[in-house]
Amino acid sequence: MTLIKSISGIRGTIGGKPEENLTPVDAVKYAAAYGTYIQRNTTAEHLTIVIGRDARISGEMIQSLVMQTLIGMGINIIDLDLSTTPTVEMEVVNAKAHGGIILTASHNPKQWNALKLLNEAGEFLDAAAGAEILLLAESNDFHFADVDSLGSRTTKTTAIDDHIDAVLAHPLVNLPAIKAASFSAVVDGVNSVGGIAIPALLDALGVHCTKLYCDPTGHFPHNPEPLKEHLGDLSQEVIRAKADLGIVVDPDVDRLAFMDEKGEMFGEEFTLVACADYVLSKTPGNTVSNLSSTRALRDVTESAGGEYFSSAVGEVNVVAQMKAKKAVIGGEGNGGIIDPNLHYGRDALVGVALFLSLLVERKCTVSVLKAGYPVYFMSKGKIELSPTMDVDGLLRKMEIRYANDKPLTIDGVKIDFPEGWVHMRKSNTEPIIRVYAEAKTQAAADEIMLRFSTELLQEAN
């Protein structure tokens with residue numbers, strides 16, 4: 001499989017041949033390209049990069065290759081070892097480092113890994129920086145340090161604790177009320193770093209935590225994408241434990257989903273809706289989500305007197321739009337919460353704390369909370385890409401076919417209808433076209449998704 005190179009990083013499956021998969025050769029090459037980019041774009045004499053990884057099986061190998069490559073270029077490393085993506089992002093700022101790399105393939109299965117690349121603000125590189133790094137990787141124009149100028153490696157074991165302390169100090173997190181509520185929660189950490197970070201956060205919040213798959217071995221017990229069809233064990237454990245809620249994160253803890261006290265999904269799309277509802281009640285303002293996210297955020301924002309804006313898919317795009325529109329909260333419908341009061345990155349830890357603050361304020365169960373939000377249903381499909389498929393041409397045909405509906409084309413093609421929408425786009429993380437649809441009923445959403453998936457396949461053939 002060809003390496004996927006996008007704003008979401010350098011991603012591929014472990015093993016095989018260079019440039020077809022993520023091999024040690026590729027890890028070294030792209031780490032060197034990133035190091036060269038940092039060297040060329042800063043005037044600092046001594047450079048520091050923060051490195052962390054999720055718990056997937058290949059992580060230690062890939063991290064070692066990346067770190068030693070950068071050390072060989074004369075760059076100093078702060079090694080967080082097992083760490084969440086948002087923790088690495090925050091540590092870049094805390095350490096006044098010049099960038100960061102997270103070794104994680106997010107929601108992808110265990111055979112995948114990736115290099116996620118950060119700038120000095122602890123935010124993902126934009127498209128221009130990513131393009132520069134890809135050119136550097138192809139040029140092999142790297143300069144390594146002599147023996148007296150090699151970089152150094154410093155380990156830090158308290159970064160997750162620092163992250164939790166920052167969440168507890170967040171001005172909108174109602175720590176005393178959460179502690180007084182004596183909540184109970186079941187946490188599915190998918191045997192990755194969420195199994196370290198989320199239980200530690202809940203302990204600090206005074207929440208009784210039942211751990212499910214919280215041993216960070218990297219052997220994912222189910223598909224690691226936090227979707228309903230993968231979470232039967234969590235549902236059963238919430239019911240068995242008579243817990244107030246279930247909490248599940250992806251392997252690097254930038255996606256968050258909840259389960260209600262009945263073992264039913266709150267819906268990953270509504271993670272952002274609920275957190276935004278709480279933030280907007282305290283600090284009215286604007287919100288941002290990507291084109292593939294639920295309309296419910298727009299509804300909640302407008303009810304609170306704010307204005308909703310959309311962006312292309314990808315954290316860097318959401319962040320750029322949030323800054324442009326001075327949004328008080330934003331994120332992605334896949335359960336990604338971005339709260340600028342903490343940092344500009346998707347962060348499941350702050351999402352948990354904001355959600356519990358809302359729950360304790362409303363004095364209701366999770367199921368009752370969900371029932372109070374606008375009713376929308378989403379259907380998510382995908383079309384596998386063949387190497388010969390002209391994806392851009394295919395999406396252009398759909399744009400032309402539905403020109404009268406004035407489709408948005410900042411990221412694939414999104415078509416809004418009075419009672420729903422469909423969004424067709426090439427994935428940043430997998431060799432697929434994603435087809436997402438939303439409507440007022442599940443049947444209607446499924447119908448829209450299947451209709452446009454069929455039309456795409458017909459155009460492709």
proj_area_mean for the chain (convex hull on C-alpha atoms), units nm², value 20.9
Hey, what do the phi angles of region 131-143 turn into as Karplus ³J(HN,Hα) couplings, whole Hz, using 6.51/-1.76/1.60 and θ = phi - 60°, x for Gly and Pro?
-> 5, 5, 5, 5, 5, 5, 4, 6, 7, 6, 8, 10, 10
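Tell me the relative contact order for region 4-157 as a rounded percent, counting alpha carbon contacts under 8 Å between residues six or more apart.
On the way: 302 pairs, mean separation 48.1, N = 154.
Reported as a whole number, the value is 31 percent.
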Any idea what the relative contact order of the chain is, in percent, if you count C-alpha pairs under 8 Å spaced at least 6 apart?
-> 12
Least to most buried among Val319, Val25 (fewest other Cβ within 10 Å first) = Val25, Val319
Ranking of Val350, Val167 by count of other Cβ atoms within 10 Å, fewest first | Val167, Val350
By DSSP, what percent of the beta bridges with both residues in region 162-371 are antiparallel, rounded to the nearest 5?
-> 30
Enumerate the calculated ³J(HN,Hα) couplings along region 100-113 in order (Karplus 6.51 cos²θ - 1.76 cosθ + 1.60, θ = phi - 60°), each rounded to whole Hz, writing x wherever the residue is Gly or Pro.
-> x, 9, 10, 9, 6, 10, 6, 7, 5, x, 5, 6, 9, 8
Once the principal axes of the Cα atoms of region 111-214 are found, what is the range along each, listed largest first in whole angstroms?
-> 58, 31, 30
Which value in nm describes the separation of the simple spin-label points at Val25 and Ser367, placed 7 Å from the Cα toward the beta carbon?
-> 5.7
Return the percentage of antiparallel bridges among DSSP beta bridges fully within the chain, rounded to the nearest 5 %.
-> 55
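DSSP loop GluC sites (Glu not before Pro) in region 1-93 with at most 10 other Cβ atoms within 10 Å of their Cβ, which ones?
Details: sites: Glu19, Glu20, Glu45, Glu60, Glu89, Glu91; in loops: Glu19, Glu20, Glu45.
Counting only loop positions with at most 10 other Cβ atoms within 10 Å, the GluC sites (Glu not before Pro) in region 1-93 are Glu45.
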Cα convex hull of region 36-87 - mean projected area over all directions, nm² = 3.9
Tally Lys/Arg at +1 and Asp/Glu at -1 over every other residue whose Cβ is under 13 Å from the Cβ of Asp299; what's the total?
-> -2
Ranked Leu118, Leu256, Leu3, criterion: other C-beta atoms within 10 Å, fewest first | Leu3, Leu118, Leu256
Would you mind listing how long region 279-380 runs along its three principal axes, going by Cα atoms, in whole Å with the largest first?
-> 35, 31, 26
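By its C-alpha gyration tensor, with a ≥ b ≥ c as the square roots of the eigenvalues, how is region 162-371 shaped: rounded for a/c under 1.5, else prolate for a/b larger than b/c, else oblate?
Working: a/c = 1.56, a/b = 1.37, b/c = 1.14.
Taking the square roots of the gyration eigenvalues as a ≥ b ≥ c, region 162-371 is prolate.
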The Kirkwood hydrodynamic radius of region 4-157, taken as the inverse of the mean 1/r over all distinct Cα pairs, in Å, comes to 15.0
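Let me have the 222 nm mean residue ellipticity of the chain computed from DSSP H runs of 4+ only, each contributing -39500 (n - 2.57), with the sum over all residues rounded to the nearest 500. Before the final figure, lay out each step's value.
Numbers: 15 runs with 177 residues, N = 461.
Mean residue ellipticity at 222 nm (helix-derived): -12000 deg cm²/dmol.
Sort region 174-265 into rounded, prolate or oblate with this rule: let a ≥ b ≥ c be the square roots of the eigenvalues of the Cα gyration tensor; rounded if a/c is under 1.5, and if a/c is not under 1.5, prolate when a/b is larger than b/c, oblate otherwise. Could the numbers behind the result be given before it?
Working: a/c = 1.97, a/b = 1.32, b/c = 1.49.
Here region 174-265 falls in the oblate category.
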In bins 5 Å wide, starting from 0, what share of all Cα pairs of region 377-460 does each bin hold, as a percent?
-> 3, 16, 28, 27, 18, 7, 1, 0
Over all distinct Cα pairs, what is the inverse of the mean 1/r for region 1-45, reported as the Kirkwood hydrodynamic radius in Å?
-> 11.4
Using only the Cα atoms of region 365-426, what do you get for the radius of gyration and for Dmax, in Å?
-> 15.9, 51
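Summing +1 for each Lys or Arg and -1 for each Asp or Glu, what net charge is found among the other residues whose Cβ lies under 9 Å from the Cβ of Met90?
My count for the surroundings of Met90 gives -4.
We did not get these values from a lab; they are worked out from the coordinates using the rules stated. All figures in this text were calculated on a predicted structure; none of them were measured in a lab. Cβ: placed from backbone, ideal geometry, glycine included. Neighbour counts: every protein chain shown.
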